[in-house]
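Written out below as structure tokens is the structure these notes cover.
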Amino acid sequence: MRADKRDYAADYEVAFFDYLDGGDEEIALQRAYELGRRAIAGEQSILGLISLHSRLLQELTSHSTTAAPRGQTHVRSEAFLTQVMALFEMTHRQTLEMNQSLRDSERRKTAILGSAFDSIIAFDATGRILDFNPASEQMFGHTRSQVIGHDLADLILPITLREAFRQMLGFYQEDGEGSTIGQREEIIACRADASEFPAEMAIAFIDVDEAPFFTAYVRDLTERKAYEAKIEYLATHDALTHLANRNLLKDRIEQAIAQGMRFQDQALAVLCVGIERFKFINDSMGHLFGDALIKDIASRLQQSVRDGDTVARQSGDEFVIVMAGLKEGVQDALRGASEILAIFMQPFAVDGHSIHLTCSIGTSLYPDDGKDVEKLLANADTAMHRAKAAGGGTIQFYTRDLSIFAAERVKLENALWGGLEKGEFSLYYQPQVRVADGVIVGAEALIRWQHPELGMIYPARFITLAEETGLIGPIGEWVLATANAQNHSWQHDGLPALRMAVNVSPRQFRHDGILNALESLLATSTLTPGSLEIEVTESSLMEDIDESIRILNRLRTLGASISLDDFGTGYSSLAYLRRLPVDRLKIDQSFVHEMESDAQARTMVKEIIHLSQAFGLSIIAEGVETTGELAFLADNGCDEYQGYLFARPLPASEFERLLRKSCLR
């Protein structure tokens, strides 16, 4: 109610009777509308007004006036009162509907607040809590009944933030507008158990019926912050090994360079570590096995470096180590690289398999080998590839001539893609000779690359590159088809049947690559039984012996015989030899070359020959260059040999002439 105590109903009654006595109708209607307005506002009872008019209608029958005849007055007043009562009854209905709407609205508001995911807290200008929704109860661990009337800052904010919060409210009370009102701000909030969590808070000011209050909207950011931290971590770390990735690696090198600029007596070394044979293992054993192996390698690398050094994974089988603050640049880097080589001395145990690995390490130093990130990384990578080319398991420091090596490698890689299409590859054939009578019984097909600019390129320079680029598949298929076609051509010309040996790379052997190639060959050509021999290295078979046996058996079913190449260099072949479906063993040339000077090598060759005889296998020695070597092989029962003593690998035309001479014996 307003401050004045006037009885508006009495005023209206006076105006009404004044109207009946001939007074102004407009005044009476104004008083009626005023009562209606106050009724809608809740300041006047609608039912009271209706009762008032009912009483007035009853009084009309006994009322008399001097301004008009009684009958006329009655009709006039009754019509007026009927009109006003209709107005008030309509007002009554509207009021009831409005009150119902308000109740519905209140229920909706309660439901909305109750179902809100965010905390919604209403509090007055002093910071005392007025309302606390269910989300607030869940977020902060307090019940609504516990917090009503308590200070908001003391309840949900850490001590360090409370005073600033109160000052903000005071500032708003003073100036009518706070700079933080309505803005979202990240804060640290407190739960009932005193634990803290990241939150986002926005405060709204609401002024209703001259009773202003604040509403705080609070959102728990714990999950979002954890997700953001995870995203940030993944942006800077390798997902598999949790080592630094290339992004973080660059940042660490930049920091180390900045440190090196301040302390010029300290050097920075960047070591690029390439794992030998990992691609082969990954292809042959499967990616899950490869992932487990990489994680084991990463763990060992992390344990081998100094505190403060960075170990990063740059690609599938390459790691980078950043060693900063080196007092003796080259010597410290060499010691660090040597320790890395040492961790590969012990085999890696993965899923019941014992895996022997080596690595090649390339090293660049700041500032001698580069003054920025990209240069240091590129030069370390170049040095690493030179270490691989030198046979692996070594350390190579970057030198100026390595830039020439890197340029040649890139040029070679680009040329390799077009070499097959342009017909730059050819096959040479090395005779395989029977020891007993010197008759050629077979040939080993060896690929050569005649580049128009680089000249003759031997397999040692490009086979590894072909493996890395994936070209070994089509190149291997071409070798198989070309060698088989050449053998058929010689036989068609009346030359004796030969056994044509074709080397298969580990990558081509796995995942049915050689099987698919041989099946494609058989679809367009014929294969005389015993005319094609597939040579595989024993190391390529040992990674997954069961899968190797499956592939070998399938190859034999298709008509190929199997030769185990480089025999004696593996680490477990003797234990599995009885299970392998092979036809021939090839003694590695490293043993053959040492037979005349090394008793152990002679013993090894003897044992291999005796072993092959025990298993009913044929035996051939490679790399025979002297008559003494041949004599030893003959004395110990070796079946066949090949090597420079008889002939180097020859083009097809020269091999044919040699083959015709052999037929005359």
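The values are calculated or read from the model by the stated rules, or taken from the named source; none is laboratory data. Bear in mind that the values here come from a model prediction, so they are computed numbers and not experimental data. Here the Cβ positions follow ideal geometry from the backbone for every residue, glycine too, while neighbour counts run over all protein chains shown.
What to note about this one:
- Selection status of ILE361, part of a helix (DSSP H, G or I), touching a helix residue (DSSP H, G or I) at 6+ places or on another chain (Cβ under 7 Å), at pLDDT 85 or above and β-branched (Val, Ile, Thr): no
- Meets criteria (on the phi < 0 side of the Ramachandran plot, surrounded by fewer than 13 Cβ atoms within 10 Å (Cβ to Cβ), small (Gly, Ala, Ser) and at pLDDT 85 or above) for ALA390: no
- Residue in region 259-279 that is part of a helix (DSSP H, G or I) and over 20 Å from GLY329 (Cα atoms) present: yes
- Hey, GLY308 within 14 Å of CYS272 (Cβ to Cβ), without any contact (Cβ under 8 Å) to a residue 60 or more places away in the chain and out of contact with any strand residue (DSSP E or B) (no Cβ under 6 Å at 6 or more places or on another chain) or not: no
- Among residues of region 575-598 being basic (Lys, Arg) and over 19 Å from ASP639 (Cβ atoms), the one that is surrounded by the most Cβ atoms within 10 Å (Cβ to Cβ) is ARG579.
- Any chance SER315 is under 27 Å from the mean Cα position of the chain (by Cα) and within 25 Å of GLU467 (Cβ to Cβ): yes
- Qualifying positions in region 235-257 - hydrophobic (A, V, I, L, M, F, W, C), farther than 18 Å from GLY325 by Cα, touching a strand residue (DSSP E or B) at 6+ places or on another chain (Cβ under 7 Å) and not in a loop (DSSP other than H, G, I, E, B): ALA244, LEU248
- Scoring PRO496 on the criteria (1) part of a helix (DSSP H, G or I); (2) exposed (fewer than 14 other Cβ atoms within 10 Å of the Cβ) leaves a single failure, condition (1).
- Pairs with Cβ under 9 Å, 6+ apart, first in region 599-612 and crowded, with 16+ Cβ neighbours inside 10 Å, second polar (S, T, N, Q): ALA601/SER590; ARG602/ASN636; VAL605/ASN636; LYS606/ASN636; ILE609/ASN636; SER612/SER618
- Taking region 571-654 as the region of interest, the helices (runs of 4 or more DSSP H) fully inside it that hold 3 or more residues being within 27 Å of GLY559 (Cα to Cα) and in the same structural domain as ARG434 (by TED's automatic domain parsing) are 573-576, 599-614.
- Residues that are touching a residue at least 40 places away in the same chain (Cβ under 8 Å) and in contact with an Asp or Glu (Cβ under 9 Å, 6 or more places away or on another chain) within region 202-240 comprise PRO212, PHE213, PHE214, THR215, TYR217, VAL218, ARG219, ASP220, LEU240, listed in sequence order.
- Total residues in region 437-453, condition surrounded by 15 or more Cβ atoms within 10 Å (Cβ to Cβ) and either without any contact (Cβ under 8 Å) to a residue 12 or more places away in the chain or over 30 Å from ALA634 (Cα atoms) (or both): 3
- Across region 273-283, a minimum of one residue is classified as free of Cβ contacts under 8 Å to residues at least 40 places away in the same chain and farther than 20 Å from ALA337 by Cβ.
- The residue list ALA501, ALA443, ALA436, ALA485 contains one member that is assigned to a loop (DSSP other than H, G, I, E, B) and either of a type outside the set (A, V, I, L, M, F, W, C) or at pLDDT 90 or above (or both), which is ALA436.
- Some residue of region 333-344 being within 28 Å of the chain's Cα centre (by Cα) and of a type outside the set (Phe, Trp, Tyr): yes
- Scan of region 319-347 for residues that are surrounded by fewer than 18 Cβ atoms within 10 Å (Cβ to Cβ) and not in a helix (DSSP H, G or I), ordered by number: GLY325, LYS327, GLU328, ILE343, MET345, GLN346, PRO347
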